[in-house]
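Comments concern the structure below.
Derivation of every value follows stated rules applied to the coordinates shown; laboratory data play no part. Since we're looking at a predicted model, the values are computed, not measured. Cβ placement follows ideal geometry from the backbone for every residue including glycine, while neighbour counts extend to all protein chains displayed.
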Amino acid sequence: ITKVADSLGKVRHIDVNSSGGIYVRLNALKDGKGTLYLTDQDKDGVMDAKTAFGNFPGTGITIKGKYLYSSSNTGVFRYPLNKAGEVIDTENPELIVDGLMDKKRDNSKSITLDNNNNLYVTIGSYSDACREGTTGKGIPGCPILDSAAGIWMFKANKTNQSFKDGLRYATGLKNSVGIDWNSASKSLFATHHGRGAFSDKFPGMYTAKQDTEIPSETVYELKKGSDAGWPFTYYDHFQKKVMQAPEYGG
């Protein structure tokens, strides 16, 4: 293992271009910038040159074709690349999507693209278990699912889209920070950062120790219309089955 760079700031996602340069996304601005571009000038395996651009923090960054796509906490931008995979104009990215929900909690907008000009964007839930206020009861139907807790699909080659232009591709995912498109299976894969405590409202059913072990953090292969079950269900890896959440009668 070789450490190629350090002291970069609050690093989230990265991608590597055709020249071996590394694009790094920061979820907090460092010296007023949110994206780093690292290169190895003397070819010794360590990144020795760094440039910074973009005045917005965020999580997602990925190269697809002739563009670098980068997400803030409310939208997605793209930068044209030259033949070396370097951004041509760092000051004027194209705005692809804007106005996505940002209520501070689980607000990372992770991104990936397929081979048909479709852009997939995570919109995480700002609620842990979709409960009614401070009670232990679940909100019937969980209305949050209409605008969060899922992955939405937009057009990658169309500018100035808003939330209403997107299609909810998959739902029931509280927060999927890791997403990627599998070109072989033609399906979307996502990690699921699920809900938190059970024992706060259901101490007779769950112990504090169980809160640290379940529900499982899962990985899903998703197709259009997939439902991973949040907040109504969760996966218990000890029992190896899907369980009904206690807020909803489990």
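Before moving on, here are some points about what is shown:
- Only the Cβ atoms of Lys and Arg (+1) and of Asp and Glu (-1) were treated as charged; on that basis the dipole of segment 158-240 about its Cα centre amounts to roughly 360 debye.
- Compared with the alpha-carbon gap, the fully stretched path from Asn115 to Ala28 is longer by 28.3 nm at 0.36 nm per residue.
- Per-selection Kirkwood Rh - segment 113-203 (Cα, Å, 1 d.p.): 14.6 Å
- Set of aspartates and glutamates near Lys64 by C-alpha distance (under 14 Å), chain-local residues within fewer than 8 positions excluded: Asp15, Glu86, Asp114, Asp180
- Per-pair calculated FRET efficiency, R0 = 22 Å: Ala197 and Lys240 via Cβ, rounded to 0.05: 0.50
- Gain upon complete extension [Asp6, Arg168; 0.36 nm per residue less C-alpha separation]: 54.6 nm
- Radius, Kirkwood style, for the chain when every pair of distinct Cα atoms is counted (Å): 19.4 Å
- Inter-site label distance for Asp48 and Thr135 at 7 Å from Cα along Cβ, in nm: 6.6 nm
- Candidate aspartates and glutamates for bridging to Lys137, where Cα separation is under 17 Å - those fewer than 8 sequence places away on the same chain excluded: Asp128, Asp200, Glu247
- Computed lengthening from Thr39 to Glu213, 0.36 nm per intervening residue step minus Cα-Cα distance: 58.6 nm
- Take the Cα radius of gyration of segment 43-174 and divide it by 2.2 N^0.38 Å, N being the number of residues; the result is 1.22.
- Zone residues, segment 95-118, relative to Ser187, backbone N less than 19 Å from point 7 Å out along Cα-to-Cβ: 112-116
- Computed packing ranks the peptides 98-104, 35-41 as 35-41, 98-104, most packed first, by mean other Cβ atoms within 10 Å.
- Helical contribution to [θ] at 222 nm, DSSP H n ≥ 4, -39,500 (n - 2.57), averaged over the chain, rounded to 500: -500 deg cm²/dmol
- Entries of Lys109/Lys186; Lys10/Lys30; Lys3/Lys43 with Cα pairs more than 19 Å apart: Lys109/Lys186
- Beta bridges by DSSP in the chain, antiparallel share as percent, to the nearest 5: 95 percent
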